[in-house]
Amino acid sequence: MLMSSRPLRALGLIIVLGLLVASVGFAASSGKTSKGTYKWVDEKGVTHYGDSVPPQYAQKERVILNDQGVEIGRMDAQRTPEQAEAYARQQEEQRRSRERDAFLLNTYTSVKDIEALRDARLGQLRGQRVAAQQYVDTLHQRLGSLQTRAMNFKPYNNNPNARRMPDDLAEDLVRTANEVRAQTSSLTEKNAEEELVRVRFQADIDRYKQLRPIRAAR
């Protein structure tokens, strides 16, 4: 005698529900979740494992493991503002270092290329420095001439009959003296810049040799 379709559908639903309950019960009894197992170290250096991290260790570094004990994730310890700032600086320095390495590798084919660019740059700076030095020398000569003229007037001349220094001469003296100081300072900066270029190019050469020792030797 054939069973009606309604009892069959009811029987199928019971079987499906039974399978779902069994699977849920198995997952709960296994103590594992899709999130995996946590591993952390306490203040005594003892390593612990568990499905959750105790509150007192929630701010420390911990590792997430899968059911086979393989690391699948890592959660860093919470940083103080000072530590976060230091970490950000470190990341920025590493980023700049990577960019610099890429620039060296993509720009130069050998150390000779770097040396050629260095020498060209130093030549430009040397020419600027020579021109600046010549200008400073000219300013000193002009200042000396103005000071000689000023000796004929008060307050540099003690003769009671000496005249007061003309305003245009006084202004020229002050203007030239200020220009001497400014150009002398600029000349000092150019000397420092030339030395800085040498140091930076030498650092590039040393780093390039590390990145491409075989090609750098050519």
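The values are calculated or read from the model by the stated rules, or taken from the named source; none is laboratory data. Owing to the predicted nature of the structure, the values given are computational and were not obtained by experimental measurement. For neighbour counting, all protein chains shown are included, and Cβ atoms are generated from backbone atoms with ideal geometry for every residue, glycine included.
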> Within segment 178-210, how many residues turn out to be acidic (Asp, Glu), over 27 Å from GLN141 (Cα atoms) and in contact with a helix residue (DSSP H, G or I) (Cβ under 6 Å, 6 or more places away or on another chain)?
Replying inline: 1
> Do we find a residue being in contact (Cβ under 8 Å) with a residue 40 or more places away in the chain, surrounded by 12 or more Cβ atoms within 10 Å (Cβ to Cβ), in contact with a Ser or Thr (Cβ under 7 Å, 6 or more places away or on another chain) and of a type in the set (A, V, I, L, M, F, W, C) anywhere in segment 95-118?
Replying inline: no
> Residues in segment 143-162: is at least one small (Gly, Ala, Ser) and not in a helix (DSSP H, G or I)?
Replying inline: yes
> So which residues in segment 163-180 are surrounded by 14 or more Cβ atoms within 10 Å (Cβ to Cβ) and assigned to a loop (DSSP other than H, G, I, E, B)?
Replying inline: MET165
> Looking at this structure, is GLU195 of a type outside the set (A, V, I, L, M), assigned to a helix (DSSP H, G or I) and within 30 Å of LEU105 (Cβ to Cβ)?
Replying inline: yes
> MET151: over 30 Å from ALA102 (Cα atoms), in contact with a strand residue (DSSP E or B) (Cβ under 7 Å, 6 or more places away or on another chain) and of a type outside the set (Gly, Ala, Ser), yes or no?
Replying inline: no
> Counting only residues that are among the acidic types (Asp, Glu) and either closer than 22 Å to VAL41 by Cβ or touching a Phe, Trp or Tyr at 6+ places or on another chain (Cβ under 6 Å) (or both), which one in segment 71-92 is modelled with the highest pLDDT?
Replying inline: GLU71
> Could you say which residue among ARG95, ARG89, ARG142 is of a type in the set (Lys, Arg) and closer than 30 Å to SER185 by Cα?
Replying inline: ARG142
